[in-house]
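> Attaching a single structure in structure tokens format; questions to follow.
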Amino acid sequence: MTVLEIMERAGADSTNLTVAWIKDAVNMIQSNTKHDLKVKKMALTKNTRDYDLPSDLMSIDSVSLLDTQDDNKYKIISRMVSTPIVSEDTNP
Amino acid sequence: MSSSVNTGWFWRLKGKKLHIYRLKRSGAGSIRANGSLTSGGDELVYPDETIPNGIRLEYTAYIEPFVDTDPSVLASDSSETSWSNASLTEVTSPDESSHVNLNRMLSLAVVSYVKAMLAEMGGEVQSKEYYMREFFKKVSDNESNKRMQSITYPVSPFAVR
């Protein structure tokens with residue numbers, strides 16, 4: 001559906017405002033559903049616990065790790081339920 | 001070499017950071033020289049190896065909201081076994097001729113959203129609430145269209161209760 005058709009159906013007359021509202025609606029759809037998923041890969045580094053999340057992330061669908069002993073398949077890992085007691089390790 | 005990652009690795013979110021832990025299994029407890037028993041508890045450790053592209057993250061994001069062609073129309077549909085989807089190119093500066101990168105049902109949901117925003121601008125809060133309900137109804141309809149679930153009820157043996 002084009003922006004013009006949406007404007008005509010909704011009775012809107014400002015293109016810029018309608019485009020902004022469409023962006024908001026797409027944002028809301030993406031944060032409430034898994035309409036379209038994106039994949040990013042990053043290096044796992046020895047002795048490093050913290051990794052930056054992509055800044056365009058809305059909600060995580062899955063986190064996988066490369067299993068190098070099983071034909072290099074990415075396998076989904078579980079989310080931790082409990083909170084670890086170490087908040088910062090200065091000598092990892 | 002990472003192995004059995006699905007059972008031995010865990011993640012958690014902390015603000016804008018992803019934390020990765022490995023479960024280090026320490027096995028059963030052992031008996032010390034003085035006869036006391038050590039506890040053999042498992043412990044969480046930081047990743048103990050480096051793997052290029054080792055972490056794969058799948059997530060929802062704001063992906064190409066406007067494109068140059070209609071995303072819900074096939075590019076070619078010559079037979080039952082021969083078809084292709086339209087090749088979509090993102091439009092970075094959308095205008096009235098740009099297509100919203102959503103299927104028909106979600107595009108109708110967007111129409112309801114725009115109506116809700118127009119009602120809000122006009123101070124019609126009740127109309128806004130009505131159109132927002134329509135928006136979420138269409139979004140959830142679109143989600144349920146992907147699922148095949150059925151609800152069955154037992155048939156009563158008696159016509160008259």
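The values are calculated or read from the model by the stated rules, or taken from the named source; none is laboratory data. Computed from a predicted model, the values in this text were never measured in an experiment. All Cβ positions, even for glycine, are placed from backbone atoms using ideal geometry, and neighbour counts span all protein chains on display.
> In the range A:1-21, how many are at the interface with chain B (Cβ under 7 Å from one of its Cβ atoms), of a type in the set (Gly, Ala, Ser) and either surrounded by fewer than 16 Cβ atoms within 10 Å (Cβ to Cβ) or under 25 Å from the mean Cα position of the chain (by Cα) (or both)?
Residues flagged as at the interface with chain B (Cβ under 7 Å from one of its Cβ atoms), of a type in the set (Gly, Ala, Ser) and either surrounded by fewer than 16 Cβ atoms within 10 Å (Cβ to Cβ) or under 25 Å from the mean Cα position of the chain (by Cα) (or both) within the range A:1-21 amount to 1.
> Return the residues of the range A:70-92 that are within 16 Å of B:Tyr21 (Cβ to Cβ), surrounded by fewer than 13 Cβ atoms within 10 Å (Cβ to Cβ) and more than 18 Å from the chain's Cα centre (by Cα); say none if nothing qualifies.
A:Val81, A:Ser82, A:Thr83, A:Ile85, A:Val86, A:Ser87, A:Glu88, A:Asp89, A:Pro92 - these are the residues of the range A:70-92 that are within 16 Å of B:Tyr21 (Cβ to Cβ), surrounded by fewer than 13 Cβ atoms within 10 Å (Cβ to Cβ) and more than 18 Å from the chain's Cα centre (by Cα).
> Shifting gears a bit: Let me confirm something: among A:Asp61, A:Asp67, A:Asp24, which residue is of a type outside the set (A, V, I, L, M, F, W, C) and surrounded by 18 or more Cβ atoms within 10 Å (Cβ to Cβ)? Walk me through it before giving the result.
Details: A:Asp61 fails: surrounded by 18 or more Cβ atoms within 10 Å (Cβ to Cβ); A:Asp24 fails: surrounded by 18 or more Cβ atoms within 10 Å (Cβ to Cβ).
Within the list A:Asp61, A:Asp67, A:Asp24, the selection yields A:Asp67.
> Looking only at the range B:93-109, decide whether some residue is free of Cβ contacts under 8 Å to residues at least 12 places away in the same chain, loosely packed, with under 12 Cβ neighbours inside 10 Å, more than 21 Å from the chain's Cα centre (by Cα) and more than 10 Å from chain A (Cβ to nearest Cβ).
No, that holds for no residue.
> From B:Glu64, B:Glu49, B:Glu58, B:Glu90, which residue is in contact with an Asp or Glu (Cβ under 8 Å, 6 or more places away or on another chain) and within 30 Å of B:Arg25 (Cβ to Cβ)?
Details: B:Glu64 fails: within 30 Å of B:Arg25 (Cβ to Cβ); B:Glu49 fails: in contact with an Asp or Glu (Cβ under 8 Å, 6 or more places away or on another chain); B:Glu90 fails: within 30 Å of B:Arg25 (Cβ to Cβ).
Residue meeting the stated conditions: B:Glu58.
> Just checking, how many residues over the range A:73-92 are at the interface with chain B (Cβ under 7 Å from one of its Cβ atoms) and in a strand (DSSP E or B)?
5
> Checking A:Lys46 against (1) surrounded by 14 or more Cβ atoms within 10 Å (Cβ to Cβ); (2) within 7 Å of chain B (Cβ to nearest Cβ), only one condition comes out false. Which one?
Condition not satisfied by A:Lys46: (1).
Here is a yes/no grid of residues against (1) in contact with a Lys or Arg (Cβ under 7 Å, 6 or more places away or on another chain); (2) not hydrophobic (A, V, I, L, M, F, W, C):
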{"site": "A:Tyr51", "(1), (2)": "yes, yes"}
{"site": "A:Ser59", "(1), (2)": "no, yes"}
{"site": "A:Asp67", "(1), (2)": "yes, yes"}
{"site": "A:Lys73", "(1), (2)": "no, yes"}
{"site": "A:Ile76", "(1), (2)": "no, no"}
{"site": "A:Thr83", "(1), (2)": "no, yes"}
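> Within the range A:55-69, is there a residue that is more than 7 Å from chain B (Cβ to nearest Cβ) and within 17 Å of the chain's Cα centre (by Cα)?
Checked against the condition, which is being more than 7 Å from chain B (Cβ to nearest Cβ) and within 17 Å of the chain's Cα centre (by Cα), the range A:55-69 yields at least one hit.
> Give the number of residues within the range B:8-43 that are touching a Lys or Arg at 6+ places or on another chain (Cβ under 9 Å), over 14 Å from A:Lys46 (Cα atoms) and at pLDDT 75 or above.
Residues flagged as touching a Lys or Arg at 6+ places or on another chain (Cβ under 9 Å), over 14 Å from A:Lys46 (Cα atoms) and at pLDDT 75 or above within the range B:8-43 amount to 8.
> It is to be established whether one or more residues within the range B:54-62 are modelled with pLDDT of 70 or more, surrounded by 11 or more Cβ atoms within 10 Å (Cβ to Cβ) and more than 30 Å from B:Val91 (Cβ to Cβ).
yes
> Something else now. Could you give me the residue pairs with C-beta distances under 6 Å whose first residue belongs to the range B:131-146 and is at the interface with chain A (Cβ under 9 Å from one of its Cβ atoms), whose second residue is among the aromatic types (Phe, Trp, Tyr) wherever it lies, and which are 6+ apart or on separate chains?
Note: pairs meeting the criteria are B:Phe135/B:Tyr113.
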